[in-house]
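Below: the structure, in structure tokens.
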């Protein structure tokens, strides 16, 4: 295992130390492993909390800041945070207007966030709403999920919903918007190589030198099928076909080509060009693009494509200022 | 070779198509393979041009925009752009106040930028100044360089000098500042794995499963030595020791932990924590941090560390607004 780490057991705490040092505008609770925006809780604003296993950086800690998340809980690599962490995060961002939990649909995450919401309600009466993101068209049910997995739409949802909360909208509206965004997004991923969880020390799965996995999950969970390595334009088709079969998309989508961690940006731009060409042939105009490694799977090589059907409101919220380590513009 | 590309011969042009589609605020000259900021040339402003081989994304094309570069020339992968490209870039950003060429110290780049400057001067009389970045302490002279190689300081220099040009400072001042920044920066890199140039199809070099290369260049050029894989805190020491031996650093540095492309962000934060700990023990305070894959070597796994001795002026220029695909803040 070749990794720039110290003891595999310390990866998450070491990385959180580095994050705190690199981003003094954030506040890291090292005991609970929660990344807070520096000015949390923001009085009168709905608090937005997410979290999940580590190994997907910059998601979620790198999306904490003005206009996006108020706090993110970091679990062990590819392992859900525990309810105590989520409770600490929720309490720490409660500005009196309630808190939204953004949860990717993995059994552990869903269960733990539910438990945390109950603990918080019982102890402090804080109102908590929850959105479960389940946008991955690759599989229904999987190793770690009942229903579809939550993948790339999560990044877009955190940005859009974070902007709405920043505007001071009430919890019910913010929660409704979150569900609307989840409903409007579809994703599909693929991998050229596996990744290695530090504590395991060996690759999560094996792929032959001439094979790729289509429909992979962000923890290396099996996808739909293994096929021979193919040119980017065929990969783009294999990812878009199931997305476009699953939902109608019209003009004005947000198109997100995400890197899995080990794939360089030059390749992601090649994929984006192919994705855009297919969308153009399908009469689907791209309103906004996001290309880069935003929701990774450690050093896995591969990519995912997310389409989000936007409208004027969603685009306005997408364009609104955001100041986080991972996404930043307009301020 | 597992890559998300089409024909290896088309990687650069395909990626530029993707870039143009993802960033409509830029203007891509596909014939000359030059990325321009959309409003170039900016009247009365010194134009800032850089460029180099592709495969280092987001450098340089991803640093084009307000507050940084006015244009960037994209060569073939790991190959210098040709003088015609640099001439087109220079002509396209000439707003009447002259143009600065930022050149990484590789023989081909230096020669071609020199030739372009002469062509431009002869044809249009545009005044061109040049800064050659040579901050890599790993080697003196190398396979592709007379003198030290130009690496991580390039990113910091493009940002700082771009901000000075945006303020309307004259060419001589901007060029002096560029030389001052180059003089203040030192870098050292390492690799855990090789990378594969698409046109070659096989890894640039071989590294055993338990080996890493210390002092690697950004094209996989040999470094100082091969050693057994070590924990991040030892890697941080191996990178910082030659940097701190080469120049005196005092309080107030910009500390840049750069990913080589295949190393995930979680590991870069682990390295940053170790680098910061060493600097603290050495009495060198970090004024600003930058952590991420900004100057990559395709899918190489590894990192580099750059220290830049800043002062109030450099920090003010570093903090100034920048709006590019790769670096963006304050606007």
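Note on segment A:316-331: residues that are within 9 Å of chain B (Cβ to nearest Cβ), touching a helix residue (DSSP H, G or I) at 6+ places or on another chain (Cβ under 9 Å) and not in a loop (DSSP other than H, G, I, E, B) total 1. Is it true that some residue in segment B:79-88 is surrounded by fewer than 23 Cβ atoms within 10 Å (Cβ to Cβ) and more than 28 Å from residue B:39 (Cβ to Cβ)? Looking through segment B:79-88, at least one residue is surrounded by fewer than 23 Cβ atoms within 10 Å (Cβ to Cβ) and more than 28 Å from residue B:39 (Cβ to Cβ). For segment A:4-44, a tally of residues being free of Cβ contacts under 8 Å to residues at least 24 places away in the same chain, away from every other protein chain (no Cβ under 14 Å) and buried (at least 17 other Cβ atoms within 10 Å of the Cβ) returns 1. Looking only at segment A:221-238, filter to residues that are within 21 Å of residue A:291 (Cα to Cα) and in a loop (DSSP other than H, G, I, E, B); which one of those is nearest to the other protein chains (Cβ to nearest Cβ)? Ranking the qualifying residues of segment A:221-238, first place goes to A:231.
Does segment B:45-52 contain at least one residue that is surrounded by fewer than 24 Cβ atoms within 10 Å (Cβ to Cβ) and either more than 14 Å from chain A (Cβ to nearest Cβ) or without any contact (Cβ under 8 Å) to a residue 60 or more places away in the chain (or both)?
There is at least one residue in segment B:45-52 that is surrounded by fewer than 24 Cβ atoms within 10 Å (Cβ to Cβ) and either more than 14 Å from chain A (Cβ to nearest Cβ) or without any contact (Cβ under 8 Å) to a residue 60 or more places away in the chain (or both).
No other residue among A:76, A:57 is within 14 Å of chain B (Cβ to nearest Cβ) and either surrounded by fewer than 22 Cβ atoms within 10 Å (Cβ to Cβ) or more than 19 Å from the chain's Cα centre (by Cα) (or both) apart from A:76. One residue is enough: does segment B:239-252 have a residue meeting the conditions part of a loop (DSSP other than H, G, I, E, B) and under 28 Å from residue A:58 (Cβ atoms)? Yes; the residues of segment B:239-252 include at least one that is part of a loop (DSSP other than H, G, I, E, B) and under 28 Å from residue A:58 (Cβ atoms).
Restricting attention to segment A:201-218, which residues are surrounded by fewer than 23 Cβ atoms within 10 Å (Cβ to Cβ), touching a strand residue (DSSP E or B) at 6+ places or on another chain (Cβ under 9 Å) and not in a strand (DSSP E or B)?
Restricting attention to segment A:201-218, the residues satisfying the condition of being surrounded by fewer than 23 Cβ atoms within 10 Å (Cβ to Cβ) are A:201-211, A:214.
So of that shortlist, the ones also touching a strand residue (DSSP E or B) at 6+ places or on another chain (Cβ under 9 Å) come out as A:202-205, A:207-208, A:210-211, A:214.
Within segment A:201-218, A:202, A:204, A:205, A:207, A:208, A:210 qualify.
Residues that are more than 14 Å from chain A (Cβ to nearest Cβ), buried (at least 22 other Cβ atoms within 10 Å of the Cβ) and either touching a helix residue (DSSP H, G or I) at 6+ places or on another chain (Cβ under 7 Å) or within 23 Å of residue B:178 (Cβ to Cβ) (or both) do occur in segment B:91-98, at least one of them.
Within segment A:274-315, restricting attention to residues that are in contact with a helix residue (DSSP H, G or I) (Cβ under 9 Å, 6 or more places away or on another chain) and without any contact (Cβ under 8 Å) to a residue 24 or more places away in the chain, the residue that is nearest to the other protein chains (Cβ to nearest Cβ) is A:276.
A short reminder: the numbers here are calculations on the coordinates, not readings from a lab. Keep in mind that this is a model prediction, so the values were computed, not measured. With ideal geometry, Cβ positions are generated from the backbone for all residues, glycine too; neighbour counts draw on all protein chains shown.
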